[in-house]
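The values are calculated or read from the model by the stated rules, or taken from the named source; none is laboratory data. This structure is a prediction, so every number in the text was calculated from the model and none was measured. Here Cβ is always computed from backbone atoms with ideal geometry, including for glycine, and neighbour counts include all displayed protein chains. Note: areas computed on protein heavy atoms with side chains; ligands, DNA, RNA excluded. Shrake-Rupley method; radii C 1.70, N 1.55, O 1.52, S 1.80 Å.
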Amino acid sequence: METSQLNRGQFLKQLGLSSASLMSFYCLGTGLTSCSKNDSEPAPIIENTGGGTNSVSSGVTGSTSGTIDFTIDLTNANFSKLKTQGEFAYVDGIIIANAKGVFVALSKACTHQSTTINFRSGTNDFFCPTHGSQFKIDGTVQAGPAAQSLTVFKTELLTNNKSLKIKA
Ligand code: FES
């Protein structure tokens, strides 16, 4: 039988390869997260949300893990941009955002598979870039696949709006 007359499975069999082994090579080569073991997972969605800073310790005082109770210095270069609406920053496991003038602080790990979420100023919500879950600023899910709400922390402006307290 000639190759042109083989179907895909027969052709791969002749090569000694299965579809699964070819997929493994493909995934190793590309490193794409879409090569999930679970083919029912939605494909990753990449969105440029702008803003945000990495986790930092300068400008932070208090407990950022365990029982959350810390203060960020809004005059510190790491956090001063939080005074601008739509900006956000991370402190350890928490994302802090200026949501249209209201400071909100929530757990940053998506409740689906723990990807770090972003804040979207345009829609005033949180977005997970891995599979596209969306969360309202009160932490509730507005679009899956995530099914559980994010943890919300209390926020309070202190010292004439120069610092922000985040508390469980
Ligand atoms: S990790 Fe899957 S939607 Fe966030």
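Within segment 136-152, list the residues whose amide N lies under 11 Å from a label point set 7 Å along Cα→Cβ of residue 102. Under cut-off, by backbone N: 137-139.
Which trypsin sites (Lys or Arg not before Pro) in segment 54-129 pass both tests, a DSSP loop state and at most 14 other beta-carbon atoms within 10 Å? Intermediate values should be presented prior to the final figure.
Values: sites: 81, 83, 100, 108, 120; in loops: 100, 108.
Counting only loop positions with at most 14 other Cβ atoms within 10 Å, the trypsin sites (Lys or Arg not before Pro) in segment 54-129 are 100.
Might you tell me the accessible area per residue for segment 76-168, computed with a 1.4 Å probe and given in Å²? Before the final figure, lay out the partial values.
Working: 4130 Å² over 93 residues.
On a per-residue basis, 44 Å².
What do you get for Rg/Rh over segment 60-167 if you use C-alpha atoms and the Kirkwood form of Rh? Could you put the intermediate results ahead of the total?
Numbers: Rg = 13.2 Å, Rh = 13.8 Å.
With Rg and the Kirkwood Rh in hand, the quotient comes to 0.96.
Heavy-atom surface analysis with a 1.4 Å probe gives segment 60-167 a carbon and sulfur content of 46 percent of its accessible area.
Could you give the length gained by full extension between residue 140 and residue 124, i.e. 0.36 nm per residue of separation minus their alpha carbon distance, to one decimal place?
On the way: separation 16, 0.36 × 16 = 5.76 nm, distance 1.31 nm.
Full-extension gain reported as 4.5 nm.
Residues of segment 89-111 with an amide N closer than 15 Å to a point placed 7 Å from the Cα of residue 168 along the Cα-to-Cβ direction: 93-94, 106-108. Put simply, the amide H of residue 108, placed in the peptide plane, has neighbours under 5 Å in 94, 95, leaving out anything fewer than 5 places away on its chain. Here each label is just a point 7 Å from Cα along the line to Cβ, and for residue 92 and residue 159 those points are 1.9 nm apart.
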